[in-house]
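Since the structure comes first, as structure tokens, the remarks are kept for the end.
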Amino acid sequence: MKLIKFTKSGIYCVPGKFYIDPWKPVEYAIITHAHSDHARWGSSHYLCHTFSKPVLQHRLGSDIAVETMDYGQTRDINGVKVSLHPAGHIIGSAQVRLEYKGFVSVISGDYKLEDDGLSTPFEPVRCHEFVTESTFGLPIYNWLPGQELFAAMKNWVAYNQMNQRTSIFVAYSLGKSQRLMRALEGLTPLYVHNSIANTNSAIARAGIVLPSYKILHEEQDKELIKNSIVIVPPALVGTTVIKKIPNGAIAICSGWMQVRGSRRWQAADAGFAVSDHADWKGLLEAVKATGAEKVYVTHGYQSVFSKYLNELGIDASEVSTQYGDDEAQQDVLKEEGVKG
Ligand SMILES: [Zn+2]
Ligand SMILES: [Zn+2]
């Protein structure tokens, strides 16, 4: 019997009779993390990491049936030994390890190798079979260390202040925004859009301490916000919320900024290639560290990355799933009632 199967509803554990990050409503769903493409509405039961629970409830409804586990804890589901392991992607993100009759599968969810100081750092898990994401699975994606990127952001803020400009950072509401808040803490008053503030409150309910911030209001006092830092989600680019900010300079914070001009962000004043995903080298390192004899590549540049793994002598194939792009994503904000 195969331990996992790729079905039209999602990744299915055959003997366990449950799904991992299903995109259709199912009876029992194990969720790697609370980004909207992995944590979808409508399943009868959810299981996720303890830190993910408040954000999952914030996004899917406080009435969902959700159980939690800590990293490394194990649970038996229909004879399958299930455990969660840090993926380093966002707070509470987990790789799912399944063990059945001595055979081990690991489903990565999204992950990054660099310790961001907020998420529990990524831990490689040995397995026979590894399902990996490949969002940035091209050799051109090669991140600078976070410290260097955040130093550049601070310089940019200082430069803007000299020119009486407000620094507007565009960053995904769950994950990136909190990293930015941490990195830019204490420079000047820090404002965040409501959708980020709501996510922050959910994260705080998980017991995570975040820097202090103010909420950006639609009719913001222009004097107060002058020269400050504002963080907004990608869906607000081009909207009046941003246009009303006096003398704003806009910086996009996304892995896609490594390749300028390829996207729709030409109007931005600056771009910082800061990502919550592994870059090309990170993906390779992670795959090798599992020691897996079979690798399934999905969620990104699966064709390029799986072919490259084959060239290295690693048996890899691409699988198609319905996970999206959380480095540029807009749809979650619509779910949260933000008008684009
Ligand atoms: Zn994600
Ligand atoms: Zn994803």
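The values are calculated or read from the model by the stated rules, or taken from the named source; none is laboratory data. Given the structure is predicted, the values throughout are model-derived calculations rather than measurements. As a convention, Cβ positions derive from the backbone with ideal geometry for all residues, glycine included, and neighbour counts pool all protein chains shown.
Within the bounds of the stretch 243-258, is there any residue that is in contact with a Cys (Cβ under 9 Å, 6 or more places away or on another chain), within 16 Å of ligand 2 (Cβ to nearest atom) and closer than 17 Å to residue 119 by Cβ? There is no residue in the stretch 243-258 that is in contact with a Cys (Cβ under 9 Å, 6 or more places away or on another chain), within 16 Å of ligand 2 (Cβ to nearest atom) and closer than 17 Å to residue 119 by Cβ.
Listed here are the residues, each with its yes/no results for (1) within 15 Å of ligand 2 (Cβ to nearest atom); (2) touching a Lys or Arg at 6+ places or on another chain (Cβ under 8 Å).
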{"position": "28", "(1), (2)": "no, yes"}
{"position": "31", "(1), (2)": "yes, no"}
{"position": "37", "(1), (2)": "yes, no"}
{"position": "43", "(1), (2)": "no, no"}
{"position": "46", "(1), (2)": "no, no"}
{"position": "51", "(1), (2)": "no, no"}
{"position": "65", "(1), (2)": "no, no"}
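Of all residue pairs spaced 6 or more apart or on separate chains, those with beta-carbon atoms under 8 Å, a first member in the stretch 302-328 that is closer than 30 Å to residue 170 by Cβ and touching a residue at least 60 places away in the same chain (Cβ under 8 Å) and a second member that is aliphatic (A, V, I, L, M) and surrounded by fewer than 17 Cβ atoms within 10 Å (Cβ to Cβ) are 302/319. Is it true that some residue in the stretch 147-167 is under 22 Å from the mean Cα position of the chain (by Cα), modelled with pLDDT of 95 or more and among the β-branched types (Val, Ile, Thr)? No, every residue in the stretch 147-167 fails to be under 22 Å from the mean Cα position of the chain (by Cα), modelled with pLDDT of 95 or more and among the β-branched types (Val, Ile, Thr).
Tell me which residues, restricted to the stretch 178-214, are more than 22 Å from residue 56 (Cα to Cα) and among the β-branched types (Val, Ile, Thr). Within the stretch 178-214, just 188 meets the criteria. For the stretch 139-148, the count of residues that are within 30 Å of residue 268 (Cβ to Cβ), among the polar types (S, T, N, Q) and not in a strand (DSSP E or B) is at least one. When the residues of the stretch 234-267 are filtered to those that are assigned to a loop (DSSP other than H, G, I, E, B) and surrounded by 18 or more Cβ atoms within 10 Å (Cβ to Cβ), which remaining residue is modelled with the lowest pLDDT? Here the residue is 265. Among the numbered conditions (1) within 16 Å of ligand 2 (Cβ to nearest atom); (2) on the phi < 0 side of the Ramachandran plot, the only one that residue 88 does not meet is (2).
Residue-by-condition table, conditions (1) touching a helix residue (DSSP H, G or I) at 6+ places or on another chain (Cβ under 9 Å); (2) modelled with pLDDT under 95; (3) in a loop (DSSP other than H, G, I, E, B); (4) buried (at least 19 other Cβ atoms within 10 Å of the Cβ):
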| position | (1), (2), (3), (4) |
| --- | --- |
| 64 | yes, no, yes, no |
| 75 | no, no, no, no |
| 83 | no, no, no, yes |
| 90 | yes, no, yes, yes |
| 97 | no, no, no, yes |
| 105 | no, no, no, yes |
| 111 | yes, no, yes, yes |
| 115 | yes, no, yes, no |
| 122 | yes, no, yes, yes |
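Restricting attention to the stretch 38-62, and to residues there that are in a loop (DSSP other than H, G, I, E, B) and within 15 Å of ligand 1 (Cβ to nearest atom), which single residue is surrounded by the fewest Cβ atoms within 10 Å (Cβ to Cβ)? Looking at the filtered set, the residue picked out is 40.
For residue 69, the conditions (1) under 20 Å from residue 282 (Cβ atoms); (2) more than 16 Å from ligand 1 (Cβ to nearest atom) all hold with the exception of (1). Annotation: of all residues in the stretch 289-327 being among the β-branched types (Val, Ile, Thr) and in a loop (DSSP other than H, G, I, E, B), the one that is nearest to ligand 1 (Cβ to nearest atom) is 321. On the given criteria, is residue 269 closer than 30 Å to residue 167 by Cα, among the acidic types (Asp, Glu) and touching a Gly at 6+ places or on another chain (Cβ under 6 Å)? No, not satisfied. Considering 270, 316, the condition of being away from ligand 2 (no atom under 14 Å from the Cβ), closer than 27 Å to residue 24 by Cα, modelled with pLDDT of 90 or more and over 19 Å from the mean Cα position of the chain (by Cα) is satisfied by 316 alone. Just to be sure I understand, how many residues within the stretch 127-148 are of a type outside the set (Val, Ile, Thr) and touching a strand residue (DSSP E or B) at 6+ places or on another chain (Cβ under 7 Å)? Adding up the residues that qualify gives 8. For the stretch 171-187, a residue qualifies if it is in a loop (DSSP other than H, G, I, E, B), surrounded by fewer than 17 Cβ atoms within 10 Å (Cβ to Cβ) and not aliphatic (A, V, I, L, M), and the qualifying residues are 185, 186.
Do we have any residue at all in the stretch 156-170 that's surrounded by fewer than 20 Cβ atoms within 10 Å (Cβ to Cβ) and part of a strand (DSSP E or B)? Checking the stretch 156-170: not a single residue is surrounded by fewer than 20 Cβ atoms within 10 Å (Cβ to Cβ) and part of a strand (DSSP E or B).
Restricted to the stretch 124-138, and to residues there that are within 16 Å of ligand 1 (Cβ to nearest atom) and in a loop (DSSP other than H, G, I, E, B), the residue that is nearest to the chain's Cα centre (by Cα) is 135.
Within the set 135, 166, the sole residue that is more than 30 Å from residue 321 (Cβ to Cβ), in contact with a helix residue (DSSP H, G or I) (Cβ under 8 Å, 6 or more places away or on another chain) and not small (Gly, Ala, Ser) turns out to be 166.
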